[in-house]
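Okay, so here's the structure we're looking at.
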Amino acid sequence: MRPKDIKQNVNNMIVFKDMFDQLADVYDELNINDKATRYYAEWVRKADIQQLTQFTDKENIYLHLLGFVKHHYFARQDSLVDALMKSVTSTLHKASSKQAEHERSVKEERDKAIHELSKSHKSISKLAKEIISIVESVSATPNEKYHKIEELVFDYQKNDEIDYSLLEDLDNQLRKESKNHTYYQLLESLSLRLQLKATPIVRALNFDSTSKAKDLLEAVDHFQESEGNVGKSPPIKFLSKQDRANVERNDFSIPLYKCLLFIYISKAIKSGDLNLAYSYRFRSIQDYMIDKEYWEARKYQILRECNLLEYIDGEAYLAGLKLGLHEKYKVVNKHLADGINTSLTFKDGRVSRVSTPKTDFQEESFIADALSQDGYIPILQLLKEVNQVCQFTADFKHLSPKNVKMKPKEETLMAGILAKGCNIGLGKLASISAGIQEHTLHNTVNWFFSLENIRKANNRIVDAIHNLKLSSAYLKDPEVLHSSSDGRKVNVDVDCLHANHSYKYFGKDKGVTIYTFIDEKQSLFHNSVFSASDREAPYVIDGLLQNEVTDLRQVHSTDTHGYTEQIFAVSHFLGIAFAPRLANIGNQQIYSFSARKTFYDKGYRLLPSRPVSKNQILDHWDDILRFIATIKMKQATASQLFKRLSSYSKEHPLYRALKEFGRVIKSQFILTYFDDEDLRQQIQKQLNRVELSNRFSRAVFFDNDQAFQEGVLADQEVATACKLLLQNSIILWNYLYLSDLVADTSDPDDRRDLIESISQGSVITWKHVNLRGEYDFRRKASNDARFDMDKIRSIKL
């Protein structure tokens, strides 16, 4: 983002800040939560003045406008922090890059100096030996020795070819590098460019005065009060000893001070040591959780509503886990000793290899051919046929409660779904289609395509898939639903604050991650969009809580990117068995409640690394339950909480407690994984499905080189939700077609064989669907020619 764009954004934010400050008492009284704030703001954004003034109740108008002002103040504060962090990161990368470049440029000179130093050492060493030889001579008199030594030194000085200037340069360079002067000089040289971006941002941000970083807050207050003119004696207590020494070297360096100040602010916001007072994403962790006083007053009621009462006694619950985990060690090690489990290979006391037979998962199967036997089906026809079955368009309701009975044409809704979900764009789809007006399409998408509406429609399709008996043919266990999730990197073609560089995935461009969830019945029940630089793990729980269409016991798998020990902990409290495919799983540490020696003395091969810290878990048991209840009550998303907790420079006590508890659950899983071949195969099979769904995603999101044309996160989420709806529509249609085949097969043996063939393949297939429209080759009249060739040929250049 350019400095002038940042200044404009700051000015826009200040407009909302001034209004918010004037209405501070009203906001304190109303206490509008984040969800309501976003709803009111979205309504105002979509409305025009006439629609806004149509409310008969003026208080309703004020409520919507209050939400709009608050939302824009919070969101713009967050955007400015994003811009600050990106600017700081860019400066640090440039400094590191230039330092590496400097290192390369001086390497040749340094090598020459070292060569001269070596020559000097050898020459002096030779001189010293000759002097010692003269001194130790018994045949020469002291006077002769003196004259010989004098002559030797004179010859040495006369013939000395060593370039001492190189040695002096080397000495200066080493002294410089020992204090990292080069790096600080680079930061100083880059400071002005950073100041142009960071100064207006830091002056405009509203920091929480209760933040932990008091010394840094003092420096920030001084910077804001002085409007960036910090002078020669600003607060420096926040700086490290080395940073302070470099700032104060050769008089006080204001450019270096400012550069370091911005770096410290960025790092402190990330770490949670410095919080914003008004923000969606950068407040204190306690602001996101259930209020402590409210929790203490209603704890039993909250736990009951969240189905968490079984965990109320932490000591008793851990005692039960201890029995189960230690029994698991006993059983798994017995299977190894008795030769029942032959899948593990050991090296240096660790599991070096886990052998697992290939799964029966087949992408290319009978299903694709069966679905193609009637030729291609146009995607619009497919959507209409699916809508006849489950009426998913009924969930596209007008954002305004007053207009909730308004209903656009089914075709217009489907045009919007295709324009967004196939990445075609509204304008382009309207221009290449018949029967659709661009204004009507834009208005429909504006008022009916909220993320909530699209997700409800998607859930309706997922529900229809689950209710089909044929979908149960894919269940390994009729009582269990296994799901999985995985991320896919997608380019962004426009300016986007949450898009990041990744040469591996985007080359020189920027992109984001689309994270998708699929279950064993092959319904895609959730997806989300986030920065490509974010870890996938914090978003796993968000998706699992969206799976509201199943009452079956849940197992969920990810690859290593979706795993942390905290995810093991939280998924356990949610009643979901987390079963990731971990790279180099034999190198993972496993734990117990007793000392390693206890198990070693029993002759076990699989041994715990150490006991878990039971006290660390129990000391924060109440906070763990409050954390889980916050997620279950949807007061904050798991990703919000995890990202805030994990950002702390020193691990937050609650984060450490969750990690320690998660180690118990992880240990249970790894021992089971080592011992259960069926589980390992099922994990692999389910991850194959989500990888196939990602290829399916690329095929559906085909236009504009599969790159987002929207830079705002909310618009990207709408587009991916529409894409998911298209994918699920194709999957449901495939199920319906195959169900027809099964119903029309009267012979019991033939029907059983048909169902067996279907269950061994995948309904995630799309080659029979025409996603790109139809071509019209009907002959046109001769006078319909578009170009006048005679006129074109007559052009003179």
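Can you pull out the residues in region 746-766 that are part of a loop (DSSP other than H, G, I, E, B) and touching a Leu at 6+ places or on another chain (Cβ under 8 Å)? Reasoning before the result, please.
Step one: list which residues in region 746-766 are part of a loop (DSSP other than H, G, I, E, B), which gives 746-747, 760-766.
Result: S762, V763, I764, T765.
Has region 204-214 got any residue that is in the same structural domain as A95 (by TED's automatic domain parsing), in contact (Cβ under 8 Å) with a residue 60 or more places away in the chain, touching a helix residue (DSSP H, G or I) at 6+ places or on another chain (Cβ under 8 Å) and assigned to a helix (DSSP H, G or I)? Spell out the reasoning first.
Step one: of region 204-214, the residues in the same structural domain as A95 (by TED's automatic domain parsing) are 204-214.
Remaining after also requiring in contact (Cβ under 8 Å) with a residue 60 or more places away in the chain: 204-213.
Narrowing the set further to residues that are touching a helix residue (DSSP H, G or I) at 6+ places or on another chain (Cβ under 8 Å) leaves 204-207, 209, 211, 213.
Next, only the ones that are assigned to a helix (DSSP H, G or I) stay: 204.
Yes - at least one qualifying residue is present in region 204-214.
Could you tell me whether any residue of region 600-613 is part of a helix (DSSP H, G or I) and either in the same structural domain as Q682 (by TED's automatic domain parsing) or among the aliphatic types (A, V, I, L, M) (or both)?
Checking region 600-613: at least one residue is part of a helix (DSSP H, G or I) and either in the same structural domain as Q682 (by TED's automatic domain parsing) or among the aliphatic types (A, V, I, L, M) (or both).
Would you kindly identify the helices (runs of 4 or more DSSP H) lying entirely within region 374-447 that contain at least 1 residues that are outside the structural domain of F702 (by TED's automatic domain parsing), of a type in the set (V, I, T) and touching a residue at least 60 places away in the same chain (Cβ under 8 Å)?
Correct list: 379-390, 410-421.
Taking T359, is it touching a residue at least 60 places away in the same chain (Cβ under 8 Å) and part of a loop (DSSP other than H, G, I, E, B)? Spell out how you get there, then give the answer.
Numbers: touching a residue at least 60 places away in the same chain (Cβ under 8 Å): yes; part of a loop (DSSP other than H, G, I, E, B): yes.
Criteria met by T359.
When you go through E42, E29 one by one, which is the residue that is modelled with pLDDT under 90 and not assigned by TED's automatic domain parsing to the domain that holds N500?
Every option except E42 fails the conditions.
List the residue pairs whose Cβ atoms are under 9 Å apart, where the first residue sits in region 720-740 and is within 10 Å of V386 (Cβ to Cβ) and touching a residue at least 24 places away in the same chain (Cβ under 8 Å), the second is of a type in the set (S, T, Y) and crowded, with 24+ Cβ neighbours inside 10 Å, and the two are 6 or more positions apart or on different chains.
Hits for this filter: N728/S523; I731/S523; L732/S523.
Residue-by-condition table, conditions (1) at pLDDT below 95; (2) within 26 Å of A457 (Cβ to Cβ); (3) in contact with a Phe, Trp or Tyr (Cβ under 7 Å, 6 or more places away or on another chain):
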residue	(1), (2), (3)
T513	no, yes, yes
D519	no, yes, yes
V540	no, yes, no
D601	no, no, no
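Search region 188-237 for residues being hydroxyl-bearing (S, T, Y) and farther than 20 Å from R281 by Cα, and hand back the single one that is surrounded by the fewest Cβ atoms within 10 Å (Cβ to Cβ).
Going through the qualifying residues, I end up with S233.
Results for (1) in the same structural domain as F346 (by TED's automatic domain parsing); (2) farther than 17 Å from R689 by Cα; (3) among the hydrophobic types (A, V, I, L, M, F, W, C); (4) over 17 Å from the mean Cα position of the chain (by Cα), shown as yes or no for each residue.
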site: S528; (1), (2), (3), (4): yes, yes, no, no
site: I541; (1), (2), (3), (4): yes, yes, yes, no
site: L544; (1), (2), (3), (4): yes, no, yes, no
site: E565; (1), (2), (3), (4): yes, yes, no, no
site: S571; (1), (2), (3), (4): yes, yes, no, yes
site: A577; (1), (2), (3), (4): yes, yes, yes, yes
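Output the number of residues of region 235-244 satisfying the condition of being over 13 Å from Q185 (Cα atoms) and not in a loop (DSSP other than H, G, I, E, B).
Pass one, region 235-244, residues over 13 Å from Q185 (Cα atoms): 235-242, 244.
Restricting the remaining residues to those that are not in a loop (DSSP other than H, G, I, E, B) gives 241-242, 244.
The number of residues fulfilling the criteria is 3.
Which ones in region 315-344 are without any contact (Cβ under 8 Å) to a residue 12 or more places away in the chain and either touching a helix residue (DSSP H, G or I) at 6+ places or on another chain (Cβ under 6 Å) or among the small types (G, A, S) (or both)?
Hits for region 315-344 are A316, Y317, A319, G320, G339.
Quick one: is V664 closer than 25 Å to F392 by Cβ and buried (at least 21 other Cβ atoms within 10 Å of the Cβ)?
No.
Is one or more of the residues making up region 349-357 of a type outside the set (V, I, T), more than 30 Å from N206 (Cβ to Cβ) and in contact with a strand residue (DSSP E or B) (Cβ under 7 Å, 6 or more places away or on another chain)? I'd like the intermediate steps shown before the answer.
Initial filter on region 349-357 (of a type outside the set (V, I, T)): 349-350, 352-353, 355, 357.
Of the ones still in play, those that are also more than 30 Å from N206 (Cβ to Cβ) are 349-350, 352-353, 355, 357.
Keeping just the survivors that are in contact with a strand residue (DSSP E or B) (Cβ under 7 Å, 6 or more places away or on another chain) gives 352-353.
Looking through region 349-357, at least one residue is of a type outside the set (V, I, T), more than 30 Å from N206 (Cβ to Cβ) and in contact with a strand residue (DSSP E or B) (Cβ under 7 Å, 6 or more places away or on another chain).
Considering only residues that are among the hydroxyl-bearing types (S, T, Y) and not in a helix (DSSP H, G or I), look in region 550-577 and name the one that is farthest from R680 (Cα to Cα).
T550
Restrict the check to region 421-429 and report whether at least one residue is over 27 Å from N459 (Cβ atoms) and under 35 Å from the mean Cα position of the chain (by Cα).
Yes, because at least one residue in region 421-429 is over 27 Å from N459 (Cβ atoms) and under 35 Å from the mean Cα position of the chain (by Cα).
As an exercise: evaluate E315 against (1) outside the structural domain of H72 (by TED's automatic domain parsing); (2) within 22 Å of the chain's Cα centre (by Cα) and give the number of the one condition it does not meet.
(2)
For A743, all conditions in the list (1) surrounded by fewer than 21 Cβ atoms within 10 Å (Cβ to Cβ); (2) in a loop (DSSP other than H, G, I, E, B); (3) hydrophobic (A, V, I, L, M, F, W, C) hold save one; what is the number of the exception?
Among (1) surrounded by fewer than 21 Cβ atoms within 10 Å (Cβ to Cβ); (2) in a loop (DSSP other than H, G, I, E, B); (3) hydrophobic (A, V, I, L, M, F, W, C), the lone unmet condition for A743 is (2).
Has region 634-654 got at least one residue that is within 26 Å of I670 (Cβ to Cβ) and either without any contact (Cβ under 8 Å) to a residue 24 or more places away in the chain or of a type in the set (D, E) (or both)?
Yes.
Which residue is farthest from I731 (Cα to Cα), if the candidates are limited to region 697-714 and must be modelled with pLDDT of 95 or more and assigned to a helix (DSSP H, G or I)?
This residue is R698.
So which residues in region 359-389 are loosely packed, with under 15 Cβ neighbours inside 10 Å and out of contact with any helix residue (DSSP H, G or I) (no Cβ under 8 Å at 6 or more places or on another chain), if there are any at all?
Within region 359-389, Q362, E364, D369, S372, Q373, D374, G375, Y376, P378, Q381, Q388 qualify.
Looking at A721, is it at pLDDT below 95, in a helix (DSSP H, G or I) and within 28 Å of the chain's Cα centre (by Cα)?
When the stated conditions are applied, A721 does not pass them.
The values are calculated or read from the model by the stated rules, or taken from the named source; none is laboratory data. Predicted, not measured: the structure shown is a model, and the values here were computed from it. No Cβ is skipped: glycine too gets one built from the backbone with ideal geometry, and neighbour counts run over all protein chains shown.
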